[in-house]
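Engineer: I have a structure here, written as structure tokens, and I will follow up with some questions on it.
The values are calculated or read from the model by the stated rules, or taken from the named source; none is laboratory data. Since we're looking at a predicted model, the values are computed, not measured. Note: ideal-geometry Cβ built from the backbone for every residue, glycine included; neighbour counts use all protein chains shown. Protein only, heavy atoms only, side chains kept; ligands, DNA and RNA dropped before computing areas. Shrake-Rupley method; radii C 1.70, N 1.55, O 1.52, S 1.80 Å.
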There are 6 protein chains.
Amino acid sequence: MAEVHLVRRERFCAAHKLWIPEWSSEKNKEIFGKCANENGHGHNYHLYVTVKGEPDPVTGMVIDLKILKRIIIEEVIDDLDHMNLDMDVEWLKGKPSTAENIAIAIWNRLMEPIREAGATLHQVRLWETENNIIDYYGQ
Amino acid sequence: MAEVHLVRRERFCAAHKLWIPEWSSEKNKEIFGKCANENGHGHNYHLYVTVKGEPDPVTGMVIDLKILKRIIIEEVIDDLDHMNLDMDVEWLKGKPSTAENIAIAIWNRLMEPIREAGATLHQVRLWETENNIIDYYGQ
Amino acid sequence: MAEVHLVRRERFCAAHKLWIPEWSSEKNKEIFGKCANENGHGHNYHLYVTVKGEPDPVTGMVIDLKILKRIIIEEVIDDLDHMNLDMDVEWLKGKPSTAENIAIAIWNRLMEPIREAGATLHQVRLWETENNIIDYYGQ
Amino acid sequence: MAEVHLVRRERFCAAHKLWIPEWSSEKNKEIFGKCANENGHGHNYHLYVTVKGEPDPVTGMVIDLKILKRIIIEEVIDDLDHMNLDMDVEWLKGKPSTAENIAIAIWNRLMEPIREAGATLHQVRLWETENNIIDYYGQ
Amino acid sequence: MAEVHLVRRERFCAAHKLWIPEWSSEKNKEIFGKCANENGHGHNYHLYVTVKGEPDPVTGMVIDLKILKRIIIEEVIDDLDHMNLDMDVEWLKGKPSTAENIAIAIWNRLMEPIREAGATLHQVRLWETENNIIDYYGQ
Amino acid sequence: MAEVHLVRRERFCAAHKLWIPEWSSEKNKEIFGKCANENGHGHNYHLYVTVKGEPDPVTGMVIDLKILKRIIIEEVIDDLDHMNLDMDVEWLKGKPSTAENIAIAIWNRLMEPIREAGATLHQVRLWETENNIIDYYGQ
């Protein structure tokens, strides 16, 4: 059978800072550099979600793109877009908002709904800038 | 030995619509959404073909890029560029022209000629828009 | 006073062909080349609309971006996206759908609504491919 | 003589929100939409600075690019990158941080130093997202 | 009447160095920095040629794109692509190969042939990297 | 445990030619095409380095990005940027400077320093033009 991967891109603009409250300001700046500016900074994040599955023999689609788009919007983008990732998002709290941690948390949000829609989540790619990208494939 | 992957991009502009003739117009529009506009729409498709192999110890090349380019142009681009994918392309007929089905059909066109040229086809990536991409690795 | 230009990008995917019905098939192909394929081809068009004006001294905005976006969507994108430019669009009929003619027609659709919203249309840029772009500044 | 325009791109990542303190939360959200999230959001801004002048007849350069780069970094990027535009930047205070207002303020920072370096500032382009761009040419 | 601008992009890959033979190696490095590496370096240049004119009332085209493309290829790209700009190109000799000087020389190559083809050259944009761009509008 | 991939992009501009000194000029041109121009040509190379590892449970980082960036700059970019790959770079000598060979050599430079920094090199992607890319995953 022919397994196919489908990649869907969505975007969100958000503020954050890298900061561990148990650490001094000096230690935060030593470890996180300019990402530890106390009033925060922000990014235009690009999120690429890859799902895999066999195309339906009739429709030729791995997944109904309208459904995949709705899952990503409802589970992720509505919570993150034009938000402060550290202050506004329940499911990101308690850990520094590195791109690594955000990508893992997005994976955990998307895995079940995509399975229920009949496909398998394969990769979450989080593009923070043209120079810094994170890929996560689950555990 | 050192296996290397080489990615070659080519592009084509084409019209298509998603439409199953056995279905009513209503059902086509319910399933395929705005992609089922009866007079068609179109895209600037980007095709990324990845081949793998060991670089020739003398030339340092996995495959002669002139040959790979010629194969992609002759087997795929000449048939698809500035065409209607549903009406003009024999090897796409009989199935809806989803990006999934196009990517699989392109793989089937390229696999043998690339093998004859001494490399192995690894991936066909079909970029339909900045938001929708298909990857296919064969069966 | 400080006049500022604001550029808004929207996109649409559409089919078209370049074809003059009074001409023979041969003449159409001689003049328009592969753009005269009889069953059409298509593009991912990018539309950049530039308006100018003085930022409001309180809000700091040339125009309410929500209003500008709504004008572009309602006047242009809703009519063009996932459509056949030659068959589905009343305001493009009667002329070949060159990027030049589309850009002029888009300008004529947008000029008045943008003026009523308090700004001045400055430029319509229509990006057809990475290699072909049209700019129009009105008459 | 041959006047030439030179464009230099630099980038910065920053947090901000659109918010007028004299207004209620409701009015801020009505006017500025999701840009008025109280904890802020952010962007990867791209700044394009265009200067003009005649190339030096010996070196063939409009301006020493090392000097232009240093001016942009020292006058603008060092103050904005990984900062909160509303809280950390003296020269942006007192007005909403719309892209319009940021572009005008950047122009005012750059005009004199570029003149002293022997060229003329022609345009400040501030790219906030792929969809929203501001151009400013001075008064 | 409706004057329209048409932009055509072509690309070339070339080697060059910035070097004035009358100067010492030290002075060349002081003025041109790392661009004065003696064995050269290189770029993927993007050339954007903008012409203007009124669309033909029948064909809707400012200029036959096949003709414009041929002019750019024959007058510029064939001479520059996969060449050393300082050693292989007669019409660039005698001056440092700054992007400024290359853009002016390209303008001088294109102006007459484009006029003979019935349009007017408006701008030559030479993109050297994502960060450095030159625009030239003629004298 | 949660293994994460982190991709870092750096860029360099360099000259090179494809040329085997034991071959005649004719044979070099037959095999390497326009890449065998004797005075060289050049590219804006983009280098994507992917490392993998588990994010630190406290900092949430796979690797300190400042350290990864320093390794790539010191081991690769400082040697290649604004250089002639065939004449200036000891660790590229003796083989044609195909993108395949450059990618393998970059992998060999980076593998140990990245391991010492606590992560694992996963992929070297070398982007030569928008159309030609090499991926290498080690032996």
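Engineer: Going through the DSSP H helices of chain E, which span 24 Å or more along their own axis at the Cα atoms while scoring at least -0.5 as a mean Kyte-Doolittle hydropathy? Walk me through the numbers before you get to the answer.
Structural biologist: Values: long enough: E:99-116 (26 Å, 0.01).
Length and hydropathy pass: E:99-116.
Engineer: Where both partners of a DSSP beta bridge lie in segment C:4-136, what percent of those bridges are antiparallel, to the nearest 5? It would help to have the intermediate numbers written out before the result.
Structural biologist: On the way: 25 of 27 bridges.
DSSP beta bridges in segment C:4-136 are roughly 95 percent antiparallel.
Engineer: Another question, if that's okay. Let me check I have the definition right: for segment C:4-136, take the eigenvalues of the Cα gyration tensor, multiply each by 5, take square roots. What are those semi-axes in whole Å, largest first? Mind dumping the intermediate values first?
Structural biologist: Working: eigenvalues 210, 33, 29 Å².
Semi-axes (√(5λ), whole Å): 32, 13, 12.
Engineer: Treating only the Cβ of Lys, Arg, Asp and Glu as charged (+1, +1, -1, -1), what charge dipole size does the protein assembly as shown show about its Cα centre? Round to the nearest 20 debye. Write down the numbers at each step before the final one.
Structural biologist: Values: 96 positive and 138 negative charges, 1 e Å.
For this selection, approximately 0 debye.
Engineer: Still on this structure: List the distances, in nm to one decimal, from the label point of A:Asp78 to the label points of the same position in every other copy, shortest first, placing each label point 7 Å from Cα along the Cα-to-Cβ direction.
Structural biologist: A:Asp78 label point versus its equivalents elsewhere: 2.3, 4.6, 5.1, 5.1, 6.0 nm.
Engineer: Would you look at the GNM of chain D, springs on alpha carbons closer than 10 Å, and say which of D:Pro96, D:Pro57, D:Pro21 moves the most?
Structural biologist: D:Pro57
Engineer: Going 7 Å from Cα along the Cα-Cβ axis for the label, what nanometre distances separate E:Glu54 from the same residue across the other copies?
Structural biologist: Going from nearest to farthest copy, the values are 3.6, 3.6, 6.3, 6.8, 7.4 nm.
Engineer: Averaging over all projection directions, find the projected area of the Cα convex hull of segment D:1-49 and quote it in nm² with one decimal place. Kindly include the intermediate steps, with their values, before the conclusion.
Structural biologist: Details: hull surface 21.6 nm².
Quarter of the Cα hull surface area: 5.4 nm².
Engineer: Which of the listed residues, D:Ala15, D:Gly33, D:Leu92, is farthest toward the dipole's positive end in segment D:4-136, when Lys, Arg count +1 and Asp, Glu count -1 at the beta-carbon?
Structural biologist: Highest projection toward the positive end goes to D:Gly33.
Engineer: Looking only at other chains, what is the average number of their beta-carbon atoms within 10 angstrom of each beta-carbon in D:91-100?
Structural biologist: Values: counts 0, 0, 0, 0, 5, 6, 1, 9, 7, 13.
For peptide D:91-100, the averaged partner shielding equals 4.
Engineer: Where along chain A is the Cβ that lies nearest the axis linking it to chain D, and how many Å separate them?
Structural biologist: Reported as residue, whole Å: A:Gly42, 0.
Engineer: Describe numerically, in nm with one decimal, the distance between label points set 7 Å from Cα along Cα→Cβ at C:Asp78 and at D:Val58.
Structural biologist: It is 6.4 nm.
Engineer: PRE reach from C:Tyr137 (point 7 Å along Cα→Cβ): which of segment C:109-123 fall under 17 Å by backbone N?
Structural biologist: Answer for this model: C:120-123.
Engineer: A further question on this structure: If the only charges are +1 at each Lys and Arg Cβ and -1 at each Asp and Glu Cβ, what is the size of the charge dipole of segment B:4-136 around the Cα centre, to the nearest 20 debye?
Structural biologist: 240
Engineer: With every protein chain present, what is the per residue accessible area of the protein assembly as shown (1.4 Å probe, Å²)? Numbers along the way, then the final one.
Structural biologist: Working: 34410 Å² over 834 residues.
Counting only protein heavy atoms, the per-residue value for the protein assembly as shown is 41 Å².
Engineer: Report, in whole Å, the centroid distance computed from the Cα atoms of segment D:50-73 and segment F:79-112.
Structural biologist: Cα centres, segment D:50-73 to segment F:79-112: 32 Å.
Engineer: Pop a pseudo-label 7 angstrom from the Cα along the beta-carbon direction at both A:Ser24 and C:Lys27 and give the gap in nm to one decimal.
Structural biologist: The two pseudo-label positions are separated by 8.5 nm.
Engineer: Which shape class applies to the protein assembly as shown: rounded if a/c is under 1.5, otherwise prolate when a/b exceeds b/c and oblate if not, where a ≥ b ≥ c are the square roots of the Cα gyration tensor eigenvalues?
Structural biologist: Numbers: a/c = 1.05, a/b = 1.00, b/c = 1.05.
Judged from the Cα gyration tensor, the protein assembly as shown comes out rounded (a/c under 1.5).
Engineer: Sticking with this structure for a sec: Shielding of A:27-35 by partners, i.e. mean partner chain Cβ atoms within 10 Å per residue? Let's see the in-between values first.
Structural biologist: Details: counts 0, 0, 0, 0, 6, 7, 4, 5, 3.
Across the residues of A:27-35, the mean count of other-chain Cβ atoms within 10 Å is 3.
Engineer: Quick check for segment A:4-136: number of Lys pairs with alpha-carbon distance under 22 Å, counting only pairs 8 or more apart or on different chains?
Structural biologist: The result is 13.
Engineer: At a probe radius of 1.4 Å, figure out the F/E buried accessible area, summed over both chains, and give it in Å² to the nearest 100. Before the final figure, lay out each step's value.
Structural biologist: On the way: alone 8370 and 8370 Å², together 14790 Å².
Counting both chains, the buried surface is close to 1900 Å².
Engineer: Which GluC sites (Glu not before Pro) in segment D:9-59 pass both tests, a DSSP loop state and at most 16 other beta-carbon atoms within 10 Å? Intermediate values should be presented prior to the final figure.
Structural biologist: Working: sites: D:Glu10, D:Glu22, D:Glu26, D:Glu30, D:Glu38; in loops: D:Glu22, D:Glu38.
Filter output for segment D:9-59: D:Glu22, D:Glu38.
Engineer: Per-residue Cβ counts within 10 Å, from other chains only, averaged over E:6-13: what number is that? Mind dumping the intermediate values first?
Structural biologist: Details: counts 9, 7, 3, 5, 1, 5, 1, 9.
That works out to 5 on average.
Engineer: Ok, one more. What percent does the relative contact order of chain B come to when contacts are Cα pairs within less than 8 Å and at least six residues apart? Show your work: numbers first, answer last.
Structural biologist: Values: 239 pairs, mean separation 41.8, N = 139.
Reported relative contact order: 30 percent.
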